[in-house]
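The values are calculated or read from the model by the stated rules, or taken from the named source; none is laboratory data. For clarity, every value in this text was computed on a predicted model and none was experimentally measured. Here the Cβ positions follow ideal geometry from the backbone for every residue, glycine too, while neighbour counts run over all protein chains shown.
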Amino acid sequence: MIFKRSSLRQVARYFPIIIAVFASLLVYSCDKPGIVGSGLVPSNGNVVIDTIPLTNYVTSKIELYSGDRTDYSAGIYNDKLFGNVQATGLVQPSLVLPSNIDTLKPDDKIYMRFYIDSVYGDTNQTVTFDLEEASQRWRGRSWTVDSIPPASGNVITSFDVGHDDSIDVQMPQSWVSKYRSVLYSSKDASVRDSIFNIKEPGFILVPKTNGKIVSFQGQNTNLIIHDSVAVNAKTWAYSVKRTNETSVGDSLSQIYSTFSRVPSIKIDVKSDTTLTINGDTLNTKALSRVEMALYEDSTMMQNTLPANNVRPKVSNINIYYLESDQINFDVLKGPIGVAARNPKDGSFRYNLTGQINDIMLGHSNKGRFYFVPEGNSGIIYSLLLRTPQSVVRNPKLIITSVK
Amino acid sequence: MKYINLVILFSLLSSGLVFGQNNNSINDKGSLYSYYGIGTLNDYRDSDAQGMGMSGIGLNVRSANLANPAMWGNVFYTSGSGGFFIRNIESSDNLNKNIKTNLEPSHFQLVIPVKRNKVGVSLGLFPISSSNYSYTKSNFISPINSATGDTVNYNVNNSGSGGIDYLELGIGWQINKNLAVGYAPSLVFGILKDDITTNFSSTAYQPIQLNRKISNIGFGNRAGIYFQKSRVFSDHDQLSVGLMASLPVHLSSTLSVQNYIASSGGTVSNPTKNLKNGNLRLPLRTGMGISYWINQKVLVGSEVLYQKWSDFQNIDGKHDSYLKDRIRLGVGTQFLPANKRSNSFFQNLAYRVGFSYDSGYLKLNDTSIQSWFITAGLGIPSKVGSSININAEYGFTGSKANNLIRERIFSLRISFNLTELMFLKHKIQ
């Protein structure tokens, strides 16, 4: 097989000319983009917003561990919407002598200082608490919100809470003597601690008057020795008893940070050639954003709150994703995210895109999404949430997709 | 060493064709009209006929001729043909204008004489359509619907690529000095892709990449007949008539969609799912050409092509309402200054001009997307029949009326025709 070289050479002579013409064309015709013919072609890849109502809504009670959180609450408040709430606080001081103090003398003064984080109720009300010794040892980490405080009936002092940010409660000298005797009971710290846990298992903050619930900072509930030296609390907790909740019907649900009523929903996702959520076929799997929208009945909440009365403001709803065998255990791990309050419409929005995409990719979808206002901080939050039975602003998924 | 030229040539053509299978362009942008149907139609044209505004169904030329299978019997040399073209498109509507440039392969063909000037076989690979567009549209999500409570703007870019290609193996038979017939079965295949990318002005929304493609495969049949007669009106004239018919092709088609999504494992591809299977039906294509050598220097010809696009079926088995039957008319002439080889380079060239009208196969917004082109070409021959053809084409497609666009198109096509006594020489040796 031979191509005659002479003929090829002859043809090849003109290649430079051809290349030059092509190069000129390419240089001349560098793309000059512009929007031309927008009316000619359709808008493929339309961004579509679908709304799918959330169904499969149930409420349940989850055991809440209420000890050693950021705060602990105590007080009584009769909320017209959320019922009569009685919170009892527990706190145990530490048995430590600060390093800069040589000795604790019998006539030294000890104060217990409480820092107040939040008030739920009548802000103008002054309420009284008894500081009652606990009758037996208790552990903050295993304390649940419906545990009954071990009252002894031995009230060692009482104090009032008005508008103050912090309160110093002077401990009686009899208690100072008791504290001192344990402090010097042994050279071995572990022995001293054991004695202290038996002799002084802490205090119960028993509310004596109705008006407001106060949330105290746990870590900063201090013993003040020699006027300025602080000894942090060892452990703290609180219990809540709620009665006489107002009936709000099926379209609304009272929910609390105490986990005593936790709503949850199950999102049914089927992914095959297309995506079906709760029975609604989307005709696409290209999801840009899947957002869960939850709504409160802010009007009713506001109308049931007398003047000068406040409820801790709920800015977020914590979202937990739990399978049935995880409910009472994994809730300790914390939420998978928060539904933040949308400042424009007051709704609570949670971005579920990652979870739905994961399910599309084959991840398990056995769990349910649980909603708790603000989570378990020790402050008592309450929210009136609209349920799927609500005619307006019912909970829903807002799905932005490309079709 | 003697194979080097051939290897280089085949490498060039092969790479061009592979490139064409993937994308068909260097910048992923071409005619916006290629969004519709199966894209911009590429008529398989003989490289000599291109310069005359025709495909070459009835044109008696010595090079490999894709246009009519009947021509493949009357070959003496093994001949190969391939080429590419650069196309400059200036698109404009009533408000704006833009310019795009494409470099695309045109075809590859090898014609081998089984019995010289009697029976020949042809192997060809050529696109019959190419989809090559890119456009972006902007829109917004209103504050009441957006996750942020503010207006969220977004851009949707649609980018189309791919096309339908023919891999054809055929035979031509020169029955006698006046009559020839040919037949070519083919594998018809190709992917039509539409890549959609959506980007949002807010990070609250994940960008979306959605790739849709329709994969097609099927078998085609093409037949041709060619008649020529010398000394019709004078001692030095010759009249040729060619007919070609490409039967409807049923393609087995699959629509699949793939999207890329953000998950806890990062951005991953969602497995491709075949959304739909169907049969895409390409319509009957027929053509007739007449050419006449007035003398040994001057050739005139005309041609008509017809495609019954009203019979087209999309993957849903339905007819697209914007498709209509297509007619393409071409007329042109060729002038050879010297009927024998001359020492003057310019005397040895073939000069061609032509004109073509194409009714198009699209009717959008009640307007047919028609085309007019003037063509001119040069044939640069060698002593043994090899040649380079350079053809230029200038014309218009579409209209600015009714929210459409007009495209001013300038194309420069380069085709290589190489001939040699290939297998026969092997036998002799």
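Filtered by the rule that a residue be of a type outside the set (Val, Ile, Thr), surrounded by fewer than 17 Cβ atoms within 10 Å (Cβ to Cβ) and at pLDDT 95 or above, the stretch B:371-391 gives a lone residue, B:Trp372. Give me the strands (runs of 3 or more DSSP E) completely within the stretch B:285-403, filtered to those with at least 3 residues that are closer than 24 Å to B:Tyr36 by Cβ and within 14 Å of chain A (Cβ to nearest Cβ), ordered by residue number. Here the list reads B:387-398. Going by what's in this entry, would B:Asn139 be described as touching a strand residue (DSSP E or B) at 6+ places or on another chain (Cβ under 8 Å), surrounded by fewer than 22 Cβ atoms within 10 Å (Cβ to Cβ) and free of Cβ contacts under 8 Å to residues at least 60 places away in the same chain? Criteria met by B:Asn139. For the stretch B:344-358, filtering for residues that are surrounded by fewer than 19 Cβ atoms within 10 Å (Cβ to Cβ) and either out of contact with any Pro (no Cβ under 9 Å at 6 or more places or on another chain) or farther than 21 Å from B:Ser291 by Cα (or both) leaves 7. The residues on offer are B:Lys115, B:Lys97, and the sole one that is surrounded by fewer than 22 Cβ atoms within 10 Å (Cβ to Cβ), modelled with pLDDT of 90 or more and charged (D, E, K, R) is B:Lys115. Scanning the stretch B:95-110 for residues that are without any contact (Cβ under 8 Å) to a residue 60 or more places away in the chain and under 15 Å from B:Asn65 (Cα atoms) yields a total of 2. For the criterion of being closer than 21 Å to A:Thr55 by Cβ, of a type in the set (A, V, I, L, M, F, W, C), touching a residue at least 60 places away in the same chain (Cβ under 8 Å) and surrounded by 14 or more Cβ atoms within 10 Å (Cβ to Cβ), A:Leu294 passes. Among the residues of the stretch A:77-86, is any buried (at least 17 other Cβ atoms within 10 Å of the Cβ) and over 18 Å from A:Val145 (Cβ atoms)? The answer is yes, given that some residue of the stretch A:77-86 is buried (at least 17 other Cβ atoms within 10 Å of the Cβ) and over 18 Å from A:Val145 (Cβ atoms).
Quick one: which of B:Ser91, B:Ser81 is among the polar types (S, T, N, Q), in a strand (DSSP E or B) and closer than 23 Å to B:Ala49 by Cα?
Values: B:Ser91 fails: closer than 23 Å to B:Ala49 by Cα.
It is B:Ser81.
Among the residues of the stretch A:271-286, those identified as hydrophobic (A, V, I, L, M, F, W, C) and within 13 Å of another protein chain (Cβ to nearest Cβ) are A:Leu275, A:Leu282, A:Ala286.
Of the residues A:Phe216, A:Phe196, A:Phe159, the single one that is surrounded by 19 or more Cβ atoms within 10 Å (Cβ to Cβ) and either of a type in the set (Asp, Glu) or modelled with pLDDT of 90 or more (or both) is A:Phe216. Of the residues examined, B:Lys273 is not one that is exposed (fewer than 14 other Cβ atoms within 10 Å of the Cβ), at pLDDT below 95, among the charged types (D, E, K, R) and over 25 Å from B:Leu364 (Cα atoms). Pairs are defined by a Cβ separation below 6 Å, a sequence spacing of at least 6 or placement on different chains, a first member in the stretch A:62-74 that is part of a strand (DSSP E or B), and a second member that is charged (D, E, K, R); the pairs so defined are A:Asp71/A:Asp117.
Does the stretch B:396-406 include one or more residues that are within 20 Å of the chain's Cα centre (by Cα), in contact (Cβ under 8 Å) with a residue 24 or more places away in the chain, surrounded by fewer than 22 Cβ atoms within 10 Å (Cβ to Cβ) and under 22 Å from B:Asn94 (Cα atoms)? Reasoning before the result, please.
First, the residues of the stretch B:396-406 that are within 20 Å of the chain's Cα centre (by Cα): B:396-398.
Cutting the leftovers down to in contact (Cβ under 8 Å) with a residue 24 or more places away in the chain gives us B:396-398.
Checking the rest, the ones that are also surrounded by fewer than 22 Cβ atoms within 10 Å (Cβ to Cβ) come to B:396.
In the following step, the residues that additionally are under 22 Å from B:Asn94 (Cα atoms) were identified as B:396.
Within the stretch B:396-406, one or more residues are within 20 Å of the chain's Cα centre (by Cα), in contact (Cβ under 8 Å) with a residue 24 or more places away in the chain, surrounded by fewer than 22 Cβ atoms within 10 Å (Cβ to Cβ) and under 22 Å from B:Asn94 (Cα atoms).
Within the stretch A:352-374, the only residue that satisfies the criterion of being within 11 Å of chain B (Cβ to nearest Cβ), small (Gly, Ala, Ser) and on the phi < 0 side of the Ramachandran plot is A:Gly354.
Checked against the criterion of being more than 30 Å from A:His163 (Cβ to Cβ) and either assigned by TED's automatic domain parsing to the domain that holds A:Ser298 or in a strand (DSSP E or B) (or both), the candidates A:Ser239, A:Ser260, A:Ser215, A:Ser253 yield just one match: A:Ser253.
Sort through A:Thr59, A:Thr51 and tell me the only one that's surrounded by fewer than 17 Cβ atoms within 10 Å (Cβ to Cβ) and either of a type in the set (D, E, K, R) or within 14 Å of another protein chain (Cβ to nearest Cβ) (or both). Talk me through it step by step, then tell me what you get.
Working: A:Thr59 fails: either of a type in the set (D, E, K, R) or within 14 Å of another protein chain (Cβ to nearest Cβ) (or both).
So the residue among A:Thr59, A:Thr51 that is surrounded by fewer than 17 Cβ atoms within 10 Å (Cβ to Cβ) and either of a type in the set (D, E, K, R) or within 14 Å of another protein chain (Cβ to nearest Cβ) (or both) is A:Thr51.
Among the numbered conditions (1) touching a residue at least 40 places away in the same chain (Cβ under 8 Å); (2) within 21 Å of B:Glu90 (Cβ to Cβ), the only one that B:Ser387 does not meet is (2). When A:Ser253, A:Ser257, A:Ser271 are checked against the criterion of being closer than 30 Å to A:Gly354 by Cβ, crowded, with 18+ Cβ neighbours inside 10 Å, in contact (Cβ under 8 Å) with a residue 40 or more places away in the chain and over 24 Å from the mean Cα position of the chain (by Cα), A:Ser271 stands alone in meeting it.
Of the candidates A:Arg349, A:Arg341, the single residue that is closer than 30 Å to B:Val152 by Cβ, within 14 Å of another protein chain (Cβ to nearest Cβ), basic (Lys, Arg) and surrounded by 19 or more Cβ atoms within 10 Å (Cβ to Cβ) is A:Arg349.
Here is a yes/no grid of residues against (1) crowded, with 21+ Cβ neighbours inside 10 Å; (2) touching an Asp or Glu at 6+ places or on another chain (Cβ under 9 Å); (3) closer than 14 Å to B:Met288 by Cα; (4) more than 13 Å from chain A (Cβ to nearest Cβ):
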residue: B:Leu41; (1), (2), (3), (4): yes, yes, no, yes
residue: B:Gln50; (1), (2), (3), (4): yes, yes, no, yes
residue: B:Gly58; (1), (2), (3), (4): yes, yes, yes, yes
residue: B:Trp72; (1), (2), (3), (4): yes, no, no, yes
residue: B:Arg87; (1), (2), (3), (4): yes, yes, no, no
residue: B:Ser91; (1), (2), (3), (4): yes, yes, no, no
